[in-house]
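The structure appears below as structure tokens.
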Amino acid sequence: MGPALDIPLHVKYIQSLGENKDDLVYHLTAHLRMNAVYWGLTALLIMKHKDALDRDEMIDFVMSCWDDEAGGFGAHPDHDAHIHSTLSAIQILVMQNALDRVDVPRVVKFILSLQQDSGVFAGDQWGEIDTRFLYIAVNALSLLGHLHELDVEKTVGYIRRCRNFDGGFGAREGAESHASQVFVCVAALAILDRLEEVDQDMLGWWLAERQLPNGGLNGRPEKLEDVCYSFWVLSAMSILNKVPWINAEKLTAFILSAQDPEQGGIADRPGDQPDVFHTIFGVAGLSILGYPGLDDLDPVYCMPASVIESLGLRKGWTALPRRQV
């Protein structure tokens, strides 16, 4: 038997992240702050510690990142609005039951303004495009109850053009298949009820082949394993009802071996520095694998399944049954 998931230690690790504001790393990661709060909160909810961080403080932080000129949220106070930090803000507010703080029509307008003629979305006014931003737009509009305002055919058309000969999807048209892009395209299609666009068996095999002999998953052929793919690969397999196609026992052991036994948190692989990004995606992967003592994670939205169900947004995914301790 390897190590178990040390929930109290990981809760303490997440609580400590915002405390050391003098730390250089804190300032170097300002551009990810909103995402980091979402990652930390989601991990805490899945580990059943929803009150580990101060709710009012968190909501105040989110609202301090509002960019009134754009109608979206930045990653940090005084940062320009970006579609990624806008989704994280919406997810945090939905999980904290505080969406009434937001000017929803303005956010919807900001998101829709970023769709390009090709159907893909840009991340912000500067125009970088990526299938990630397309998924983010679909996810956010769905959570806000405004998916009906999206040009679905145009959006699905772009995803279709990103599909490759191996069944996978890339970051944009012509780009190679990559597990995280597979997740965003499959999850966007799931939200739009258009999974018939996917060759599910072919893609299921491509995803299953991401598992390496040590149990970890990689993002594309010939690459190293990384804990974050425990979510990107598994979530796509969960949406396609193919989680049993990988060796769950070996992947569980790999994720648990990447925990930091002293500070808490989970790293990309054993022995490396932990961070909140790999912590949430390690915990998310374990939830999909049915690890005992965790709450169900909705793989389409990467939020607690109970939250998504309460909004009436659940799609037809399956995880492994939750094992008892």
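The values are calculated or read from the model by the stated rules, or taken from the named source; none is laboratory data. Only a predicted model underlies this, so the values are computations on that prediction, with no experimental measurement involved. Reconstructed Cβ throughout: ideal geometry from the backbone, glycine too, with neighbour counts over all protein chains shown. Side chains are part of the model used for accessible areas, which takes the heavy atoms of the whole protein and leaves out ligands, DNA and RNA. Shrake-Rupley method; radii C 1.70, N 1.55, O 1.52, S 1.80 Å.
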Practice prompt. Would you kindly derive the ³J(HN,Hα) couplings of region 180-196 from the backbone phi angles with the Karplus curve 6.51 cos²θ - 1.76 cosθ + 1.60 (θ = phi - 60°), listing them in order in whole Hz, with x for Gly and Pro?
Written response: 5, 6, 4, 4, 5, 6, 5, 5, 4, 5, 5, 5, 8, 6, 10, 5, 5
Discussion item. Out of the total accessible area of region 100-166 (probe 1.4 Å, heavy atoms of protein only), what percent is carbon and sulfur?
Written reply: 49 percent
Worksheet entry | Distance in nm between pseudo-label sites at residue 320 and residue 249 (7 Å out along the Cβ direction from Cα) | 1.0 nm
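Please report, in debye to the nearest 20, how large the charge dipole of region 136-198 is about its Cα centre when each Lys and Arg carries +1 at its beta carbon and each Asp and Glu carries -1 there.
Numbers: 6 positive and 9 negative charges, 22 e Å.
Result for region 136-198 is approximately 100 debye, rounded to the nearest 20.
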Item to complete: Compute the accessible area per residue over the chain, keeping the other protein chains in place, probe 1.4 Å, unit Å².
Response: 43 Å²
Response to the item:
The size of the Cβ-based charge dipole (Lys, Arg +1; Asp, Glu -1) of region 156-284 about the Cα centre, to the nearest 20 debye, is 320 debye
Worksheet, complete the sentence: Filtered hits (aspartates and glutamates, Cα-Cα < 16 Å from residue 48, offset >= 8 within chain) -> 6, 295, 296, 298
Worksheet item: If you stretched the chain out fully between residue 200 and residue 79, how much longer would it get, using 0.36 nm times the residue separation minus the C-alpha to C-alpha distance?
Response: 39.6 nm
Fill in: For residue 303, distant residues with modelled amide H under 5 Å away
298
Item to complete: Taking percent of Cα pairs over 35 Å apart as the quantity of interest, determine which of [x] 15; [y] 38; [z] 26 was computed from the displayed structure.
Response: [x]
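Filter the trypsin sites (Lys or Arg not before Pro) in region 187-244 down to the DSSP loop ones having no more than 14 other Cβ atoms within 10 Å, then list what survives.
Details: sites: 194, 210, 223, 242; in loops: 194, 210, 223, 242.
Passing both the DSSP loop test and the Cβ count: 223.
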Fill in: Accessible surface of region 218-325, 1.4 Å probe, proportion on carbon and sulfur as whole %
50 percent
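Given DSSP loops and a limit of at most 14 other Cβ atoms within 10 Å, what is the longest stretch of the chain that contains no such chymotrypsin sites (Phe, Trp or Tyr not before Pro)?
Numbers: sites that count: 126, 165.
It works out to 166-325.
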Discussion item. Using the Cα centre of the chain as origin and beta-carbon charges of +1 (Lys, Arg) and -1 (Asp, Glu), tell me which of 245, 258, 167 is placed farthest towards the positive end of the dipole.
Written reply: 245
Worksheet entry | At R0 = 30 Å, FRET efficiency that the Cβ-Cβ distance of residue 125 and residue 98 yields, to 0.05 | 0.65
